[in-house]
Amino acid sequence: MGGAMKAYFRYQKGYLYEEHGAWYVRYRQRVSQEDGSSKLKHISKHLGRSNDFSNIFAVERCRASFMQTVNQDRLSTNSRITLTAFVEGLYLPWTKEERRASTSTGHRQIWINHLQDRVGELRLREFRTVDASRMLRAVAKEKDLTKTTLQHIKSVLSTIFTCAKNEGAFDGANPVDGVLIPWNAREPGETHAYDLGQVLQILDILPLLAKSLIATAAFAGLRRGELRGLEWTDYTGTELKINRSMWRSVVSLPKTRASRDSVPIIPALAEILDAYRRSAGNPEFGSVFRSDDGLPINLDNVVRRMIRPALEALDLPWHGWHAFRRGLASNLYAMGASDKVVQRILRHSRPHVTKERYIKVFDRTVLEAAEKIWRRGGDSNPR
């Protein structure tokens, strides 16, 4: 059952083509035969004359709208589709087309690692809240996962049913909404933030490339994907425009609408970036942080070759790139910046995210160091 069902419900994007002054989309449809069997055939749908569309984006919107109807019709004709068939045949291909590459990969990994082997032949429309609850309890019992990870698993399962409702494969309330996270699951570990004194120590011993990366993360709050996606055309000398994010080799828009904004930069960061730019031959275009081959930098390589050895020399642990972003929020908050200002600089869409997840409390000596560096206006000594 599994193989045929998966193929039958595979998410179709459709092949768009132009012919004889008109646009068409070709897709597969199962057609009944005289002997009672069915056969997959290619069918072309006329979308409109070429002159009816102002540009290719208008054609793509028409294709997407029509194919959504095709996919919904194919699902609604069969109420016996299993959860596995829906996820592997439609949901995961849908995330690959409609969601960020990192999000799509994350959902696939959660499905494979935690859910796939637990759903059996359970049908989509028969899935109940108790099924999801038992699943999460079983995962928590067999694997040492934190409540945060279990929440991610629940979120993916909930999104699967939200997608199924939108595609016409499931009706009624989302059965995952009322599921409780097991109370005895492990609490998540403490997140870390580098205080300003630590940042200044790190910057003081790093070579210029690594120094520029750390300074941009610590003083402008860029995420690691935004660091890799930064181009020289985004840098004005007084601000950085956050236009793209790069995950592996995939370029996409930043995480949220609020993330697609500009960030003011302090003189200390501008001085470091200007020195780094001069060392690279004053480029006007292309990636800011690039390898010798001109491609965006591999941050893991920089961490391994330059940053970790420097931290070991200072007897500091490596907490990851996000610890510099948290540090920026914490330092600004300690200096008296309002929640709204910190939210704006970190480009969060909701202020409670900034306050609850990013702001750490540093001791008085750290606050005094922060006040000194900001009063100084950013004296630095780029190497």
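The values are calculated or read from the model by the stated rules, or taken from the named source; none is laboratory data. A quick note: this is a predicted structure, and the numbers were derived from the prediction, not measured. When we count neighbours, we look across all protein chains shown, and the Cβ atoms used for this are built from the backbone with ideal geometry, even at glycine. When the accessible area is computed, the model is the full protein with side chains, heavy atoms only, and any ligands, DNA or RNA have been set aside. Shrake-Rupley method; radii C 1.70, N 1.55, O 1.52, S 1.80 Å.
Length gain on complete extension for the stretch Asp293 to Glu312, per 0.36 nm per residue less the alpha carbon to alpha carbon distance?
4.0 nm
Tell me the carbon and sulfur percent of the accessible area for the stretch 110-178, rounded to whole percent, probe radius 1.4 Å.
The C+S portion of the solvent-accessible surface of the stretch 110-178 is 46 percent.
I'd like to check one number: the per residue accessible area of the stretch 65-217, probe 1.4 Å, reported in Å² as a whole number.
Result: 47 Å² per residue.
Give the accessible surface of the stretch 281-326 per residue, rounded to a whole number of Å², with probe radius 1.4 Å and ligands, DNA and RNA excluded.
56 Å²
Suppose R0 equals 51 Å. What FRET efficiency, 1/(1 + (r/R0)^6) with r the Cβ-Cβ distance, do Asn184 and Asn55 give to the nearest 0.05?
Step by step, r from the Cβ atoms, then E = 0.35.
Leaving out ligands and nucleic acids, note down the accessible area per residue over the stretch 10-61 with a 1.4 angstrom probe, in whole Å².
The answer is 75 Å² per residue.
Which value, in Å² rounded to 10, gives the accessible area of Lys241 with a 1.4 Å probe and all protein chains present?
80 Å²
Determine the gain in length on full extension of the stretch Arg30-Asp144; use 0.36 nm per residue of separation and subtract their C-alpha separation, reporting nm with one decimal.
36.5 nm
First compute the accessible area of the stretch 287-333 with a 1.4 Å probe, then give the percent of it belonging to carbon and sulfur atoms.
44 percent
Provide Lys211, Lys96 ordered by accessible surface of protein heavy atoms (probe 1.4 Å), highest first.
I get Lys96, Lys211, largest accessible area first.
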